Amino acid sequence: MGDPATPPASELAAMAIIDGASLKHPFSDRVPVRSIVCRPDGGAGLAGNRVRAGGWVKTGREQGKGSFAFLEVNDGSCPANLQVIVDAGVEDLSTLVQTGTCVSVEGVLKVPPEGTKQKIELRVETVLHVGPTDPAKYPIPKTKLSLEFLRDHIHLRPRTNTISAVARIRNALAFATHSFFQEHGFLYIHTPIVTTSDCEGAGEMFQVTTLINEAEKLDKELIENPPPTEADIEAARLNVMQKGEIVAQLKAAKATRDDISAAVAGLKIAKENLSRLEERAKLKPGIPKKDGKIDYAQDFFARQAFLTVSGQLQVETYACAVTSVYTFGPTFRAEHSHTSRHLAEFWMVEPEIAFADLQDDMNCAEAYVKYMCQWLLDKCFDDMELMAKLYDKGCIDRLRMVSSTPFERISYTEAVRLLEEAVRGGKEFEKSVEWGIDLASEHERYGNLPP
């Protein structure tokens, strides 16, 4: 994917016989931009094919004194854009050239003139759809935007190069995670997201409760319809007493069955009304409490519940039944920290292997990390090139290094010894080094540990 070399003539010839129909998305009449521009020949072998393409205009400009327009259209299938040429006689160009405009077009793929960077372009014959934008209000301009700015425009940020690339990379890594474990005989286990367990005290937990909502609804209802007073309840009791006396008198006088039944029905209604009033009188505003503490017996699960911090506890029970398992899903930590190492929500991979030792665990972890790195190099090279260009120049080199280099392994004792030697040599750490401590990030990053 990252090799710019021109394919051999035999390969180009094979590409040339592909027709537009075979390139179509399986559930749409359009041809994804990736199917055109991400071929080894850049799409040149598709010249002459009639295709339908759809996407959003990244940039657009009118040329030839308004006789035609160049559009750079992207549909999110890859970082690259498809150059689209539209004549003024086909559609109003002033609407098409605005950044953010949604277009669906049909035309013929042609090889552009020599000297241009594009290998292929689409000459539009029909504009099927235009979703116009107001350039004065569209918040995603052509210029580079900060990630903080994009947080204020969440519904549009997937149209940017960075966020769409991140989405494709995350998609690839999620797929690769399942591929790795499935290829190695692991069973995927769905562990609960809402749980009553604090898995090994892994971190602060987000609580899940309906008590607050129920309390707010009750408070509002009590304001609109106040609870009964003592006088209301006493009047209801008196009414029950009177109805009971009437029933007794009718029975003593040997009244008709119909009269007695009617009186009994009236007594039943009076008792039900008293019961409702007494229950309603027990209602108190605020969160229910018992013995001075929140009464979680009144909560949805009748006990405290939380968003999971780890699926490890549940997946271990499956490891003790079906041997090799993993869970891969969202986890949550309610830690007030704003560093790159602490997230409120993230997806975590947790494998568990029965009948294995620490060496086996390390072998699995190393193989998984290498698999992930190689997968990105094989499947997302163009997106990683974008990351290298915009954010981290060495990311591709690191992926290659990690995917091809055996991991060094040392014992905890040896690691502490090397750190202690560094301290004696003048190295300073924020956290003192001694056998028994949990190694901190600064210790793990220390350059004198084996590479």
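Can R445 be described as modelled with pLDDT under 95, open to solvent by 80 Å² or more (accessible area, probe 1.4 Å) and not β-branched (V, I, T)? Yes.
Listed here are the residues, each with its yes/no results for (1) at pLDDT below 95; (2) touching a Lys or Arg at 6+ places or on another chain (Cβ under 8 Å).
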{"residue": "A165", "(1), (2)": "no, no"}
{"residue": "N171", "(1), (2)": "no, no"}
{"residue": "Y188", "(1), (2)": "no, no"}
{"residue": "C199", "(1), (2)": "yes, no"}
{"residue": "A215", "(1), (2)": "yes, no"}
{"residue": "E230", "(1), (2)": "yes, no"}
{"residue": "V240", "(1), (2)": "yes, yes"}
{"residue": "L250", "(1), (2)": "yes, no"}
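Scanning segment 202-229 for residues that are in a helix (DSSP H, G or I) and aliphatic (A, V, I, L, M) yields L211, I212, A215, L218, L222, I223. Hey, any hits in segment 389-401 for a residue that's over 28 Å from G76 (Cβ atoms) and open to solvent by 80 Å² or more (accessible area, probe 1.4 Å)? Yes, that holds for at least one residue.
One residue is enough: does segment 247-266 have a residue meeting the conditions in contact with a helix residue (DSSP H, G or I) (Cβ under 8 Å, 6 or more places away or on another chain), farther than 20 Å from K220 by Cα, open to solvent by 100 Å² or more (accessible area, probe 1.4 Å) and in a strand (DSSP E or B)? Within segment 247-266 (the criterion being in contact with a helix residue (DSSP H, G or I) (Cβ under 8 Å, 6 or more places away or on another chain), farther than 20 Å from K220 by Cα, open to solvent by 100 Å² or more (accessible area, probe 1.4 Å) and in a strand (DSSP E or B)), the answer is no, since none of the residues qualifies. Here I85 does not qualify as touching a helix residue (DSSP H, G or I) at 6+ places or on another chain (Cβ under 9 Å) and either of a type in the set (A, V, I, L, M, F, W, C) or open to solvent by 30 Å² or more (accessible area, probe 1.4 Å) (or both). Which of (1) among the hydroxyl-bearing types (S, T, Y); (2) open to solvent by 80 Å² or more (accessible area, probe 1.4 Å); (3) modelled with pLDDT of 95 or more is the odd one out, the single condition S77 does not satisfy? Single failed check for S77: (2). Comparison of M1, M15 shows that the only residue that is closer than 30 Å to T162 by Cβ, at pLDDT below 90 and not basic (K, R) is M1. Selection within segment 267-318: residues that are within 30 Å of W347 (Cβ to Cβ) and of a type in the set (A, V, I, L, M). The member of this set that is surrounded by the fewest Cβ atoms within 10 Å (Cβ to Cβ) is A302. Taking the conditions exactly as written (in contact (Cβ under 8 Å) with a residue 12 or more places away in the chain, open to solvent by less than 70 Å² (accessible area, probe 1.4 Å), more than 30 Å from Y368 (Cβ to Cβ) and part of a helix (DSSP H, G or I)), does D232 satisfy them or not? So D232 does not fit the description; no. Is it the case that segment 355-365 has a residue that's part of a loop (DSSP other than H, G, I, E, B), within 21 Å of T191 (Cβ to Cβ) and touching a residue at least 24 places away in the same chain (Cβ under 8 Å)? The answer is no; no qualifying residue exists. Pairing each residue of segment 22-41 that is part of a helix (DSSP H, G or I) with any residue that is of a type in the set (S, T, N, Q) and surrounded by 14 or more Cβ atoms within 10 Å (Cβ to Cβ), provided the two are 6+ apart or on different chains, yields C-beta distances under 6 Å for L23/S35; V33/S77; R34/S77. Give the residue that is surrounded by the most Cβ atoms within 10 Å (Cβ to Cβ), with candidates limited to residues of segment 420-442 that are assigned to a loop (DSSP other than H, G, I, E, B) and aliphatic (A, V, I, L, M). Taking the candidates together, the pick is V433.
When T59, T99, T95, T116 are checked against the criterion of being in a strand (DSSP E or B) and open to solvent by 20 Å² or more (accessible area, probe 1.4 Å), a single residue qualifies: T59. With the condition kept exactly as written, say whether any residue in segment 146-162 is open to solvent by 30 Å² or more (accessible area, probe 1.4 Å), hydroxyl-bearing (S, T, Y) and in a loop (DSSP other than H, G, I, E, B). Taking every residue of segment 146-162 in turn, at least one turns out to be open to solvent by 30 Å² or more (accessible area, probe 1.4 Å), hydroxyl-bearing (S, T, Y) and in a loop (DSSP other than H, G, I, E, B). For segment 319-342, taking the residues that are touching a residue at least 60 places away in the same chain (Cβ under 8 Å) and of a type in the set (S, T, N, Q), the one that is surrounded by the most Cβ atoms within 10 Å (Cβ to Cβ) is identified as T327. For first residues located in segment 59-70 and touching a residue at least 40 places away in the same chain (Cβ under 8 Å) and closer than 14 Å to N81 by Cβ, partners that are among the basic types (K, R) and open to solvent by 50 Å² or more (accessible area, probe 1.4 Å) and lie 6+ apart or on another chain with Cβ distances below 7 Å form the pairs T59/K142. Contact map, segment 421-439: first residue within 17 Å of I410 (Cβ to Cβ), second residue of a type outside the set (G, A, S) and exposed (fewer than 10 other Cβ atoms within 10 Å of the Cβ), Cβ cut-off under 9 Å, separation 6 or more or different chains; pairs are W435/T413. Quick check, is S179 out of contact with any strand residue (DSSP E or B) (no Cβ under 9 Å at 6 or more places or on another chain), within 30 Å of V369 (Cα to Cα), modelled with pLDDT of 90 or more and open to solvent by less than 70 Å² (accessible area, probe 1.4 Å)? Taking the combined requirement at face value, the residue satisfies it. The residue of segment 119-145 that is surrounded by the fewest Cβ atoms within 10 Å (Cβ to Cβ), among those that are assigned to a strand (DSSP E or B) and hydrophobic (A, V, I, L, M, F, W, C), is L128.
One residue stands out among those in segment 130-162 that are in contact (Cβ under 8 Å) with a residue 40 or more places away in the chain and among the polar types (S, T, N, Q): the one that is farthest from G76 (Cα to Cα), which is T162. Can you pull out every residue in segment 390-419 that is closer than 30 Å to W375 by Cα and not in a loop (DSSP other than H, G, I, E, B)? Correct list: L390, C395, I396, D397, R398, L399, R400, M401, V402, S403, S404.
The values are calculated or read from the model by the stated rules, or taken from the named source; none is laboratory data. Fair warning: this is a prediction, and the values are worked out from it, not measured in the lab. Cβ atoms come from the backbone with ideal geometry, glycine included; neighbour counts cover every protein chain shown. These area figures cover heavy atoms from the full protein model, side chains too; ligands, DNA and RNA do not enter into them. Shrake-Rupley method; radii C 1.70, N 1.55, O 1.52, S 1.80 Å.
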